[in-house]
Amino acid sequence: MPRGVLLAGLFLVATLLLPPALKAQGPELTVEPQAFPQGACLAYRATGFEPAEAVGLWFTRPDGSASAEGLPAVVRADNDGILIGSFCPPGTGATGRYALTAQGRVSARTAVVHFQLLPGDPLGVPAGGAVLFADPPRATVGQLVDLVGGGFQPGETLSLWLTLPDGSVRELDGGRTRDGTFLLPLDLAGLPPGSHGISAYGQRSRLRAVAPLEVLANP
């Protein structure tokens with residue numbers, strides 16, 4: 001038997017007989033849950049890093065841009081090379097498929113896991129007991145529409161949110177009701193074409209109303 005073949009065979013056998021702790025282990029990263037709505041959080045667990053190694057964390061948005069917002073710049077693995085933590089994506093982040101990445105600062109070992117950010121309710125309360133509509137409900141970018149609501153308490157402060165087609169949320173100027181009704185103009189300048197959602201919330205009554213708004217592109 002050629003010497004090279006014999007040495008290769010002996011090396012393979014020796015590798016297979018190594019204790020599990022001595023075998024090279026790639027890092028693994030898991031999250032729970034793997035799909036959740038805006039405003040919620042996930043738990044992550046990573047293994048396979050060096051003992052007490054500093055590990056960098058960041059996430060990648062659906063459009064490919066990267067950020068560490070809401071994450072510590074560096075965390076440290078424990079003596080077994082494990083790190084555990086939680087992450088709350090920005091509540092106004094775009095919906096879609098995200099990636100969470102962990103990379104060892106010494107070993108350069110890298111682990112990636114994907115999760116899905118679903119549309120959420122930024123107000124966190126059920127709709128009902130009040131009404132809201134956009135007049136007109138379909139308008140072109142740059143036009144003005146009236147937001148008309150009713151069923152709230154007289155003189156109460158309102159919070160208004162606009163949910164864009166990508167799932168991100170934009171806060172609007174609210175104001176106060178008069179006799180429980182309100183009429184506020186909304187300028188569609190700068191808004192992307194597509195299906196939007198409007199939410200109105202009464203700070204005292206805790207009532208919420210929602211309405212659709214279709215923004216059309218300029219001809």
Query - Residue match in the stretch 184-194 (condition: under 26 Å from the mean Cα position of the chain (by Cα), among the aliphatic types (A, V, I, L, M) and surrounded by 13 or more Cβ atoms within 10 Å (Cβ to Cβ)) - result: yes
Report task. Could you list, in sequence order, all residues of the stretch 92-101 that are under 16 Å from Gly167 (Cα atoms) and touching a strand residue (DSSP E or B) at 6+ places or on another chain (Cβ under 7 Å)? Result -> Thr92, Gly93, Thr95, Gly96, Arg97, Tyr98
Query raised in the report: Regarding Gly142, is this residue under 17 Å from Pro37 (Cβ atoms), surrounded by fewer than 17 Cβ atoms within 10 Å (Cβ to Cβ) and either modelled with pLDDT of 85 or more or under 19 Å from the mean Cα position of the chain (by Cα) (or both)?
Result: no
Query raised in the report: Within the stretch 30-73, can you find the residues that are more than 20 Å from the chain's Cα centre (by Cα) and not small (Gly, Ala, Ser)?
Result: Thr47, Phe49, Glu50, Pro51, Glu53, Val55
Report task. Only residues that are under 15 Å from Leu83 (Cβ atoms) and buried (at least 18 other Cβ atoms within 10 Å of the Cβ): list them for the stretch 104-118, please. Result -> Gly104, Arg109, Ala111, Val113
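Every residue, every condition in (1) surrounded by 16 or more Cβ atoms within 10 Å (Cβ to Cβ); (2) at pLDDT 85 or above; (3) in the same structural domain as Ala111 (by TED's automatic domain parsing), yes or no:
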site: Ala8; (1), (2), (3): no, no, no
site: Cys41; (1), (2), (3): no, no, yes
site: Tyr44; (1), (2), (3): yes, yes, yes
site: Pro62; (1), (2), (3): yes, yes, yes
site: Val74; (1), (2), (3): no, yes, yes
site: Gly81; (1), (2), (3): yes, yes, yes
site: Ile84; (1), (2), (3): no, yes, yes
site: Cys88; (1), (2), (3): no, no, yes
site: Thr95; (1), (2), (3): yes, no, yes
Query raised in the report: So which residues in the stretch 34-82 are touching a Lys or Arg at 6+ places or on another chain (Cβ under 9 Å), among the hydrophobic types (A, V, I, L, M, F, W, C) and part of a loop (DSSP other than H, G, I, E, B)?
Result: Phe49, Ala52, Ile82
Report summary line: Log entry, pairs with first residue in the stretch 158-171 being at positive phi, second being among the hydrophobic types (A, V, I, L, M, F, W, C), beta carbons closer than 7 Å, six or more apart or on different chains, reads Gly167/Ala94
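The values are calculated or read from the model by the stated rules, or taken from the named source; none is laboratory data. Bear in mind the structure is a predicted one, so any value in this text is a computation, not a measurement. Note: ideal-geometry Cβ built from the backbone for every residue, glycine included; neighbour counts use all protein chains shown.
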